[in-house]
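Below is one structure; the comments refer to it alone.
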Amino acid sequence: MSKLKLLVAIGIPVFLILGLFTGLSRFGLIHFPLSFHHGVLMLNGFAGGVITVERLLSKPNDRWILIGLILLISGLTLYLMGFEFGLLLVAANIAILFLKETYVLIEKQSQNGVYQLVGLLSWFIGNLKFYQNGFYPAAVPFFIVFILMLIVGTRLSKMGKEDVISLVLSLALFFSFWLGFHGYGQAIYGVGLALLGIRLAYLEIKNGSKHLLALVVAYCWLLITGISSLFSDHILYSYDLVLHALFLGFFFSMIFINAPDALLKKLGLEELKTFPNLWVIFLSIGLIARLIIGDLFQIQLARNIGGILNLLAIILYASSLLFQVIRNRTVAERTNG
């Protein structure tokens, strides 16, 4: 990766760090001025940034994707400074990725391309809705589909499968939001998430996928997201439970599982040991405390402890990778010297 690309990509871990601190601030454990922007930081800054960087690593000579990454980072920075039009620059990055993925779909005509396109479209819609009114609940459903679609497409691609059932369930989730989040939309959404989690877990087990324990745990969080959505009217902290069961339980578990293939190998860091099963279990322990004990039984102490454990899981995972990179380079320099 060139120095320019590396300099630009540094913005992604910065957004992650800001997102983690704003998360603690929302718990009331610390005071951090950007706490309202926690969702935007984690979704646009970290999740969107990781996906854009992954695309750039896949096509290192593609200037348009690099321009898109610059638009994303500069747009989000402007937004955090109070310039709301920065979200339009983020949307411009999504448009670039969407056009690139459309070309790939026409060329390869695979189901994975459909997942990618619907996911990117959902990300785009979510940003426009949030730009219009700054109302998270109106945008979050589309952000959920954005994360879900890209992960489902990636996992099925890794298994070498094109599953009609998974595709139908995924598209049903996308269209459920046009019916309204409550009523029929909520029912389709909750049942769809639960069934999709069960279906994908079944396919992974049947396929004998690598890191199977971590994968099954990740799909359990997807199942929990669906069930929680169905009964959200009866759960005081349902919004927190649904969002973080998916964005932390499912998404970050998949980060721990897929990062070695999606990013590390493309950076020439194949020799790093990532232990996905360990980190997913560690993350889940914190989530059980935070979401199952804390949110369901309204115990704030459990929510705080779980939130801190989740923060530690992410920081320790990133720190372990950084430590290995520094150690390996030091050993290599001594050997060459």
TRP123 passes all but one of (1) touching a helix residue (DSSP H, G or I) at 6+ places or on another chain (Cβ under 6 Å); (2) open to solvent by 10 Å² or more (accessible area, probe 1.4 Å); (3) among the aromatic types (Phe, Trp, Tyr); which number fails?
(2)
The correct count of residues that are of a type in the set (Gly, Ala, Ser) and at pLDDT 90 or above in the stretch 26-48 is 4
VAL168: surrounded by 16 or more Cβ atoms within 10 Å (Cβ to Cβ), among the hydrophobic types (A, V, I, L, M, F, W, C) and not in a loop (DSSP other than H, G, I, E, B), yes or no?
no
Is it the case that VAL145 is in contact with a Phe, Trp or Tyr (Cβ under 6 Å, 6 or more places away or on another chain) and over 26 Å from GLY23 (Cβ atoms)?
no
Please enumerate the residues belonging to the stretch 139-161 that are crowded, with 24+ Cβ neighbours inside 10 Å, more than 24 Å from HIS37 (Cβ to Cβ) and β-branched (Val, Ile, Thr).
VAL152
Within the stretch 185-205, can you find the residues that are at pLDDT below 95 and open to solvent by 40 Å² or more (accessible area, probe 1.4 Å)?
ALA187, ILE188, VAL191
Can you say whether SER2 is of a type in the set (Gly, Ala, Ser) and either modelled with pLDDT under 90 or surrounded by 20 or more Cβ atoms within 10 Å (Cβ to Cβ) (or both), as far as the supplied structure shows?
yes
LEU301 vs. criteria at pLDDT below 95 and under 17 Å from the mean Cα position of the chain (by Cα)
no
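Scan the stretch 215-233 and give yes if some residue there is assigned to a helix (DSSP H, G or I), in contact with a Lys or Arg (Cβ under 6 Å, 6 or more places away or on another chain) and modelled with pLDDT of 90 or more, otherwise no. Steps first, please.
Initial filter on the stretch 215-233 (assigned to a helix (DSSP H, G or I)): 215-230, 232-233.
The next check asks that each one be in contact with a Lys or Arg (Cβ under 6 Å, 6 or more places away or on another chain); those that pass are none.
No, the conditions are met nowhere in the stretch 215-233.
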Taking the stretch 21-64 as the region of interest, how many residues are free of Cβ contacts under 8 Å to residues at least 40 places away in the same chain, surrounded by 22 or more Cβ atoms within 10 Å (Cβ to Cβ) and hydrophobic (A, V, I, L, M, F, W, C)?
2
So which residues in the stretch 291-306 are open to solvent by 80 Å² or more (accessible area, probe 1.4 Å) and not hydrophobic (A, V, I, L, M, F, W, C), if there are any at all?
GLN298
Just checking, does the stretch 77-86 include any residue being open to solvent by less than 40 Å² (accessible area, probe 1.4 Å) and within 22 Å of LEU316 (Cα to Cα)?
no
Report the residue count in the stretch 127-138 for those that are of a type outside the set (A, V, I, L, M) and open to solvent by less than 50 Å² (accessible area, probe 1.4 Å).
4
Qualifying positions in the stretch 76-112 - of a type outside the set (A, V, I, L, M), without any contact (Cβ under 8 Å) to a residue 24 or more places away in the chain and part of a helix (DSSP H, G or I)
GLY86, GLU101, THR102, TYR103, GLU107, LYS108
Taking the criterion of being within 20 Å of GLU204 (Cα to Cα), of a type in the set (Ser, Thr, Tyr) and either in contact (Cβ under 8 Å) with a residue 60 or more places away in the chain or not in a helix (DSSP H, G or I) (or both), would at least one residue in the stretch 135-144 satisfy it?
no
Scan the stretch 54-90 residue by residue and report those that are closer than 17 Å to GLY11 by Cα and either more than 21 Å from the chain's Cα centre (by Cα) or small (Gly, Ala, Ser) (or both).
ILE67, GLY68, SER74, GLY75, LEU78, MET81, GLY86
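The values are calculated or read from the model by the stated rules, or taken from the named source; none is laboratory data. Note that the structure is predicted; figures quoted are calculated from it, not measured. We place every Cβ from the backbone using ideal geometry, glycine too, and count neighbours over all the protein chains shown. Protein only, heavy atoms only, side chains kept; ligands, DNA and RNA dropped before computing areas. Shrake-Rupley method; radii C 1.70, N 1.55, O 1.52, S 1.80 Å.
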